[in-house]
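The values are calculated or read from the model by the stated rules, or taken from the named source; none is laboratory data. These numbers were taken from a predicted model, which means no experiment stands behind them. Ideal geometry is used to build each Cβ from the backbone, glycine not excepted, and the neighbour counts take in all protein chains shown. For the accessible areas, the whole protein counts, side chains as well, though only heavy atoms, and no ligand, DNA or RNA atoms are used. Shrake-Rupley method; radii C 1.70, N 1.55, O 1.52, S 1.80 Å.
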Amino acid sequence: GADNDLYINQAIVFIEDAIQYRSINHRVDSKSLWLYRWYYSRTCQWILGLTITIILALAFIEKPSSLTITSDIRYRLPAWNPPCGLTESVELLCFLVFVVDISVKSYLIGWEEFWKNKWLMAYILTLIVSLTDWIVSLSFFCTENVRIRRILRPFFLLQNSSMMKKTLKSINSTLPEMASVVLLLAVHLSLFTMFAMLLFARTKDGQQDKEWMGYFRNLPDSLTSLLVLLTTANNPDVMIPAYSKNRAYSIFFILFTVLGNLFLMNLLTAIIYNQFRGYLLKSVQSSLFRRRLGIRAAFEVLSSLKEVPANAQQSYVSAGALLRVLQKVEMDSRCKQAIMRSLETCSCDQLSASQFQKLFEELDKDAIKQHPPSPEYQSHFMQKMQFAFGHPYFGYLGNVVALANIVSICVVLVMDADKQPSERDDFFLGAINCFFIPYYLLEMLLKILAMGLKRYLSYPSNRFDGLLTVILLVLEIATFAVYGFPHPGWRPEFMGLLSLWDMVRLVNMLIVFRFLRIIPNMKFMALVVTTLLDLVKNLRAFAGILVVVFYAFAITGIMLFEGAVVPIGNVSTVPVTCSEGCHFPFGLIQKKCDFVAVQFLFGHFQAEVVYCVLYLLSVNLICRWAKIYFVAWWLISSVIWVNLFVALLLENFIHKWDRRCHREPLSDVEYQRTVELMFRDVLEEPTEEELMEKLHQHPHLQLCR
């Protein structure tokens, strides 16, 4: 009996592993199975996710705090900085959760597997470094500026997602090919830098040396100017001085841009796409193997139950044992009910391996959402009403009215654009709302009458329209109650404490989205939009790595450049520009200097000159080394990451386009697909030999055959 309970619990865990595409290489004794299910329970995983969110969000509170309304250093008030020990206490609690997390993971997979897992080793190393840095912070009473543990925080998000790990592995495989193109870009930049320094060399006439003085004074400045030109951030500013002197100089910049942007950058995209195109398919193939392996492992342990005949030449599982397992498995109710129905309709009491596997193919099917039926009216008049207001043409009429509403609002806004607030007459905008909002209410009620409330609410577009209509109606009634009905010279924003009319105008912007209902009526546009929406929903791993990159660079930037810019205060400035030796990548510092220079406010002239000098000195001190930071950011975020995203987007979009172009539309059925289901038709099923070989390699499971 104890053995049977153990086999049942093992089967439950293996099936849950298959549902979540988890590895089955973990301990399978009774206590470990209980701990395993507890660890992967919703509550435990929610706590772990909340802990990761909290430790990442600490950067917004820690010094320098981001809790200010404006980011402008001239106008913002001193930010609230938490006392020493407050955020550190929260951080310590997060570290304790991570220690428990790594301890449970290490125990469950076993120590032999632990030493083979590089991610867990990196997890422990990250925790050790973070705790050491935390102790150092407290010993300095939180006065140190460099905190290494802040840069390491994104790792906790990274290691908690298997898809993010697979994405990084795929990126790592494409780096050699990307390095060759990046090297070619470096050669391209170097050659044109030398040409530029020879072409725009200093002459005796200082008036003609604007190009040399501004962009090509020395090798670092020349290289930086052309690198920024490769991003088109300083185009056409970089060529204006030379072009003003001689039009023929434009040939140099045109050749550089054509070779760099049109050829080399697009060649990089093509190479990355070629290397990255099979990433998702391989990932889904691996996930399918994990699912099949988990189901087969559940079959093998259930076939060891004592209720199965011992002299059977082939392994079988009783239907009753599978029912007992399904009752305890945490899975989608739709899949569970479908499997139970298939099991009840099956005439055999014993299931073979193929029959057992076929039952769980329900997990691979599309999640189908079928809309409730429309009400059946007995009255002939109501049937006519239902036919008229449930017809697609009634929806087309609503789109036309929404378009008319948008056009009318645009006309009023254009007419009032140049008027002073005291000159503006809101009578026309109020009259427009008095017509369109009742129509939206009438449209909603007629659709509910034709479709029924449940069917109406089953469509997301109807829910959005209905919510928007109710909000508009409530605000319109409140506006009339406070300000009265619209009349010439009506300006309700100047009356009372609450400007309800401003709220109505903000909600009017949402009316624009009503016109997006036209998209489902256009086949190919609907195909493009639904494909992109599905991609956005299923590319969480890619977005997660993007968060990791942004977070790490943001923390690094804070540590490198904190205090580099001196606040100048809300006083007047003089027209100054950046010094000649400071040409910051992408024009960031130049724009900041120009922003300071145009502020001609009232104040003390001498004091402002001092502030500007201090500002420019602080900029120059960090200018040279800051280039490395921003060039690294550009390479990782724009050159590599954007191209990787384009490659993944193309791979998914092309495949899904081919699939959906051959699918017949069904009016009352919506398919809810995931990334795993997108490539279901091109995946290869693992053979029985492959599954059994993998099961026999399980470090903690001993099979009888």
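Dividing the alpha-carbon radius of gyration of region 70-222 by 2.2 N^0.38 Å (N being the number of residues), what value is obtained?
Rg over 2.2 N^0.38 Å, computed on Cα atoms: 1.70.
Which shape class applies to region 41-160: rounded if a/c is under 1.5, otherwise prolate when a/b exceeds b/c and oblate if not, where a ≥ b ≥ c are the square roots of the Cα gyration tensor eigenvalues?
prolate
In nm, to one decimal, how far is the modelled label at THR43 from the one at LEU77, with both set 7 Å along Cα→Cβ?
Between THR43 and LEU77, the label points sit 4.2 nm apart.
With no solvent and one equal point scatterer per Cα, compute the Debye intensity ratio I(q)/I(0) for region 170-283 at 0.15, 0.20, 0.22, 0.24 Å⁻¹ and report its log10, rounded to two decimals.
-0.68, -1.01, -1.16, -1.31
Working out 0.36 nm times the residue gap between ILE128 and VAL646, then minus their Cα-Cα distance, what length gain in nm do you get to one decimal?
182.8 nm
I'd like the accessible area for THR231, computed on protein heavy atoms only with a 1.4 Å probe and all protein chains in place. Round to 10 Å², please.
The accessible area of THR231 comes to roughly 40 Å².
Which percent of the accessible heavy-atom area of region 170-283 goes to carbon and sulfur, probe 1.4 angstrom?
Accessible surface attributable to carbon and sulfur in region 170-283 totals 65 percent.
Sort region 216-266 into rounded, prolate or oblate with this rule: let a ≥ b ≥ c be the square roots of the eigenvalues of the Cα gyration tensor; rounded if a/c is under 1.5, and if a/c is not under 1.5, prolate when a/b is larger than b/c, oblate otherwise.
Because a/c hits 1.5 or more and a/b fails to exceed b/c, region 216-266 counts as oblate.
For SER66 and LEU184, what is the calculated FRET efficiency with R₀ set at 41 Å and r taken between the beta-carbons, to the nearest 0.05?
0.55
Between region 81-117 and region 232-308, how many Å separate their Cα centres?
33 Å
Using a 1.4 angstrom probe on the protein heavy atoms only, line up VAL13, VAL631, VAL136 by accessible area, largest first.
The most accessible residue leads, giving VAL136, VAL631, VAL13.
Can you bin region 141-221 into rounded, prolate or oblate? Criterion: square roots of the alpha carbon gyration tensor eigenvalues sorted a ≥ b ≥ c, rounded for a/c under 1.5, prolate for a/b above b/c, oblate for the rest.
Because a/c hits 1.5 or more and a/b fails to exceed b/c, region 141-221 counts as oblate.
Between GLN370 and ALA270, take the C-beta separation as r, use R0 = 41 Å, and let me know the FRET efficiency to the nearest 0.05.
In this case the efficiency is close to 0.45.
What distance in nm separates the two pseudo spin-label positions at LYS165 and ARG202, each 7 Å out from Cα along the beta-carbon direction?
Each label point is offset 7 Å from its Cα along the Cβ direction, giving 5.8 nm.
Roughly speaking, what is the stretch gain from GLU690 to ILE54, that is 0.36 nm per residue apart minus the C-alpha to C-alpha distance, in nm to one decimal?
Here the answer is 224.7 nm.
Between SER318 and residues 5 or more places away or on another chain, which pairs have amide H atoms under 5 Å apart, with H built 1.01 Å from N, and which residues are they?
LEU351
Given the Cα-Cα distance of SER173 and SER286 and 0.36 nm per residue of separation, how much length would full extension add, in nm?
Extending this stretch completely gives an extra 39.0 nm.
Is there a pair in LYS336/LYS384; LYS336/LYS694; LYS282/LYS358; LYS336/LYS447 whose C-alpha atoms are over 30 Å apart, and which pairs would that be?
Listed pairs above 30 Å: LYS336/LYS384; LYS336/LYS447.
Roughly what would the spin-label model give for TYR107 and ARG540, points 7 Å off Cα along C-beta, in nm?
It is 2.7 nm.
Measuring from centroid to centroid over Cα atoms, what is the spacing of region 391-407 and region 26-41 in Å?
Taking the Cα centre of each part, region 391-407 and region 26-41 sit 57 Å apart.
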